[in-house]
Structure formats: structure tokens, C-alpha cells
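Everything below concerns the one structure shown next.
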Amino acid sequence: MNLEHLGGGVVVFEDAFDLDWDWMRSYSYDTCLKEKADMYEEGVDPLTGVDGYINKSGYFFSKSSIDEMPWRASMVHSDSRPEVVDVLESIESARDRCLIEYLHLFPLASKCIWWKIKSHLVTYPPGAYLGMHSDISTDYEYGKPHPVDQLATRNVVAVVAYINDCVDSEEELDGTNFTGGRHHFQYLDITHKPKRGSMIFFPANYIAAHEVQPIEAGIRYSYLGWYCQGTPNQAVRESLLDPADIPER
């Protein structure tokens, strides 16, 4: 495993994990597509009255934006099949090993981390992208209708594990990789080209605000999670498990 600090707390760990990549891409595609179909229902923006879709967390999306959004499998750890559990836990373990190295670079970050949120799968079909944002963004007005889930308010360090490669031209496409879809940190002037088996760590705050640029061809697969802080708040579904009390979890 090799690491490189790109600046601003953005650190890339190459060769951080290894998988049956064909199986992982297939599983990611099927699982994300199924959850996408279950995630949205038709609804109305409570502020504007515009028709669109509302997800299970209470966020509103315009109809046109859904086709440009990545697909997510946020409930992937509910899949109890041994082959799935083994693969996901192997990535989680690799992620935790990288965190220790990350904290050697930024020891004060350890004072800000109490828990982790297990990662979820993210699939970007052609044309999909994710606009500039920070991973602690709330994106709603206080006092207005609140989303049920507010876990983003607790995020400290974000981690993305890349499941397939970004290539430079369509001539390099072979059914396993993609063009476009680079990770861009605007305020830090960093653009990173995803590489299979690597992980990228970065602060969840606005300084490391980032985007995933539009996918030009192929499909981009990744696995996203956070290290976080804060106490439970059942009113917004923040239910924390203390590993000291439940070590098997």
C-alpha cells in the first residue's frame, strides 16, 4: 500500500484492497439499480409545489435530476449472504487500516472521530455526475421541513474506495472501466483520476468540497463512507452502536 498526500488533507492510498472485480461490478450494478427503484416515490416540493420525486430521507428531487444522479445501495450491509458479508468486511477492514495511516499524517483528526458509518455502493451510469458539495452539507433551511436522516451533520472524514478504473480515451474502454468521472476538489485545485483498488480520504468539510465529473462512457463504481462524531438522536434516526458494548457488530 502506497499513500500520497495531494494537499488539503486529500490522501490517496493505492493498492489498498483487492477483490474479484468482475463479481463486485456485477453485484454493485444489480444492487444499486434495485435500490434506486425502491428509493423514490412521486411527490411535491413542500416549498415550491413543483412535482418531482421524494426519497426515503425526505429530500425532494426534480424529475430531470434523477436521470443524472448516481445510483446508491445504502442498505448493502443488510445483505446477509456470506459471500457479500465477506467482501464488504474486507473493504471495511482495509479502510480502517488506511485510517490509521491517515491519522499519522493528521493526528488531531483523531480527536474528532468517535464512530464510523459503514460504506455504501455508488454506481454512475453514462451521463451521471455529482455536483459540487461537501460531505457535511445539510442542504435545507433550519425551521423548514427537515429530512428524517441528518447523519451528514456528523461527518468528519470521508472515504471513497474505487472499484474500477478511469481511462483517458474511449479506445481504452474494455467493459470494465470508464471515461470521465474524475474526482475534482475545486477549492484545493485537485483533480484525481480513480484507480481500481485505491482509496481516497478527505475532510468532510467545505474546504474539501468536491464533485464527480460527468461520466462520458462506461460505468463508474465506488464504495463511499465516513468517520464521524456525535451522540445518538433517535428523532432523526441517529442510532449508534458502541463496539465496546457489542464487539461482534
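The C-beta contact set for region 29-52 (first residue more than 27 Å from H77 (Cβ to Cβ), second residue part of a loop (DSSP other than H, G, I, E, B) and among the polar types (S, T, N, Q), distance under 8 angstrom, 6+ apart or interchain) comprises V50/S62; G52/S62. Candidates in region 82-130 are the residues that are open to solvent by less than 30 Å² (accessible area, probe 1.4 Å) and of a type in the set (G, A, S); of these, the one that is farthest from V159 (Cα to Cα) is A128. Among the candidates P70, P46, the residue that is surrounded by 15 or more Cβ atoms within 10 Å (Cβ to Cβ) and in contact with a strand residue (DSSP E or B) (Cβ under 8 Å, 6 or more places away or on another chain) is uniquely P70.
Examine region 138-157 for a residue that is farther than 30 Å from Y53 by Cβ, touching a Cys at 6+ places or on another chain (Cβ under 9 Å) and in a loop (DSSP other than H, G, I, E, B), and state whether such a residue exists. No, region 138-157 contains no residue that is farther than 30 Å from Y53 by Cβ, touching a Cys at 6+ places or on another chain (Cβ under 9 Å) and in a loop (DSSP other than H, G, I, E, B). The C-beta contact set for region 1-26 (first residue closer than 20 Å to L188 by Cα, second residue of a type in the set (D, E) and assigned to a strand (DSSP E or B), distance under 9 angstrom, 6+ apart or interchain) comprises L3/E14; E4/E14; V11/E4; V12/E4; F13/E4. One residue stands out among those in region 172-221 that are hydroxyl-bearing (S, T, Y) and outside any loop (DSSP other than H, G, I, E, B): the one that is surrounded by the fewest Cβ atoms within 10 Å (Cβ to Cβ), which is Y206.
Here D135 passes the criteria (1) open to solvent by 40 Å² or more (accessible area, probe 1.4 Å); (2) acidic (D, E); (3) in a loop (DSSP other than H, G, I, E, B) except the one numbered (1).
Scanning region 150-171 for residues that are in contact with a Gly (Cβ under 8 Å, 6 or more places away or on another chain) and open to solvent by 30 Å² or more (accessible area, probe 1.4 Å) turns up T153, R154. Residue count for region 222-236 under the criterion of being touching a helix residue (DSSP H, G or I) at 6+ places or on another chain (Cβ under 6 Å) and surrounded by fewer than 19 Cβ atoms within 10 Å (Cβ to Cβ): the result is 2. Residues in region 20-43 that are open to solvent by 70 Å² or more (accessible area, probe 1.4 Å) and in a loop (DSSP other than H, G, I, E, B): D20 alone.
The values are calculated or read from the model by the stated rules, or taken from the named source; none is laboratory data. The model shown is predicted, which means the values in this text are computed figures rather than measured ones. Please note: Cβ atoms are built from the backbone with ideal geometry, for glycine as well, and neighbour counts cover all protein chains shown. Calculation scope for accessible area: heavy atoms of the full protein, side chains included, ligands and nucleic acids excluded. Shrake-Rupley method; radii C 1.70, N 1.55, O 1.52, S 1.80 Å.
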